[in-house]
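Below: one structure in structure tokens.
The values are calculated or read from the model by the stated rules, or taken from the named source; none is laboratory data. Everything numeric here is computed off the predicted structure, so don't read it as measured data. Methodologically, a virtual Cβ is constructed for each residue, glycine included, from the backbone with ideal geometry; neighbour enumeration extends over all protein chains shown.
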Amino acid sequence: MTVQLNHSFRLSGHRDAISGISFNPSGTKLASASLDGLINIWSVTTGLPLHEPLQRPFSFTSIAWIDDYILVAGVNCGGVLLIKSGQKSLDCHFYRIHSCAIEYIVPRPGKLATADKSEICVSSFGNFRTSLRQNLDLLALLPSPPIQVVKGSEKDVVVTSLHWAASWGSDALIATYFYHGIVYVHSFPVQVVQARIHPEPDALYSVSGM
């Protein structure tokens, strides 16, 4: 069966590669970030920008909404930019978390998980609607899996995805790593549960505890 797709809007406004897009929880706004240091926030109803583009002198590498009004963007220098979307202007505040580009941002109420190429941090925060200029406190720097040796050579630890798993408990975080075939499930206070995925001859995967 062929599905007919309707072209609603063409959103223009970035000059370099778009590194991330994110809908706010109510689905009324779409935020886009790019390597040219621009963030745009669009109306999903009209396709028009809700604010003037936000320009910063660094590359944005990831983006996510904390709630309908607070946006967090990862940057190439290892920090995050908190952005409050008001009626007319954007209020911003910068926090340093990592030492290199933040590639994954996963918020949940009161907590923010971030990852660069190989490091995962979990931070806590209060009510950013009241003020963006409050503490973003580090809760945990999560342990990485051991370096793998594949065909006689060591392979770096590389984070490939990061997810909060609501069905596994309110504080369960899943991280996956390239080369390792490992899923780490972290809970807080930090308790690490590991599962290694073994390739089977028919290219399917099974999971066994470690």
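Taking residue 99 as the residue in question, decide whether it is within 20 Å of residue 161 (Cα to Cα) and not in a strand (DSSP E or B).
Details: within 20 Å of residue 161 (Cα to Cα): yes; not in a strand (DSSP E or B): yes.
Yes: the conditions hold for residue 99.
Looking only at region 95-106, decide whether some residue is over 22 Å from residue 18 (Cβ atoms) and surrounded by 14 or more Cβ atoms within 10 Å (Cβ to Cβ).
So far as region 95-106 goes, yes, one or more of its residues are over 22 Å from residue 18 (Cβ atoms) and surrounded by 14 or more Cβ atoms within 10 Å (Cβ to Cβ).
Being assigned by TED's automatic domain parsing to the domain that holds residue 131 and at pLDDT 95 or above: is that true of residue 102 here?
When the stated conditions are applied, residue 102 passes them.
Continuing with the same structure: In a strand (DSSP E or B), of a type in the set (A, V, I, L, M), closer than 16 Å to residue 90 by Cα and out of contact with any helix residue (DSSP H, G or I) (no Cβ under 7 Å at 6 or more places or on another chain): does that describe residue 41?
Against the criterion (in a strand (DSSP E or B), of a type in the set (A, V, I, L, M), closer than 16 Å to residue 90 by Cα and out of contact with any helix residue (DSSP H, G or I) (no Cβ under 7 Å at 6 or more places or on another chain)), residue 41 qualifies.
Say whether the condition of being at pLDDT 95 or above, surrounded by 16 or more Cβ atoms within 10 Å (Cβ to Cβ) and not in a loop (DSSP other than H, G, I, E, B) is met by at least one residue in region 148-159.
There is no residue in region 148-159 that is at pLDDT 95 or above, surrounded by 16 or more Cβ atoms within 10 Å (Cβ to Cβ) and not in a loop (DSSP other than H, G, I, E, B).
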